[in-house]
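*Asks:* Structure in structure tokens, see below.
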Amino acid sequence: MVQAVKPSWRKPAAIAAILLIIAVWALLVVSLAPIVGDWPVLVQAIFYLAAGLAWIVPLKPLLRWAETARWRDHSGRGH
């Protein structure tokens, strides 16, 4: 017998949060462009590379929450 799975509101909420994080982060980085634009090109490249990856940091706990309703990994694996 197949059991009906009740859809969770957490996944759409997580998607909305991810889009909000990206939008806010992009606005923050763009607002720094006048300052960063005066830096040497290599330093700018490193800054934009780091800024382009930094928004990913909050995604792991957010995605875990969307799947399990927990912010932390309580499995004891430490990942």
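Bear in mind that the values in this text are calculations on the coordinates, not laboratory data. Predicted model, so just to flag it, every value in this text is computed and none were measured. Quick reminder, even Gly has a Cβ in these numbers, built from the backbone with ideal geometry, and neighbours come from all protein chains shown.
*Asks:* Any chance you could give the angle, 0 to 90 degrees and rounded to 10, that helix 10-31 forms with the longest Cα principal axis of the chain?
*Replies:* 10
*Asks:* Can you figure out the FRET efficiency of residue 65 with residue 24, using R₀ = 25 Å and their beta-carbon distance, to the nearest 0.05? Intermediate results must be reported in sequence, preceding the final value.
*Replies:* Numbers: r = 18 Å, r/R0 = 0.74.
Given R0 = 25 Å and the Cβ-Cβ separation, E is 0.85.
*Asks:* Something else: For the range 12-79, what relative contact order do you get, as a whole percent, if you take Cα pairs closer than 8 Å and at least 6 residues apart?
*Replies:* Reported relative contact order: 32 percent.
*Asks:* Quick check on packing: order 20-33, 54-67 by the mean number of other C-beta atoms within 10 Å, highest mean leading. Spell out each step's value before the answer.
*Replies:* Details: 20-33: 12.2, 54-67: 13.8.
So the peptides 20-33, 54-67, ranked by packing, come out 54-67, 20-33.
*Asks:* Could you tell me which residue out of 49, 12, 39 lies farthest along the dipole of the chain toward its positive end? Charges go on the beta carbon: Lys and Arg +1, Asp and Glu -1, centred on the Cα centre.
*Replies:* Sorting the options by dipole projection puts first 12.
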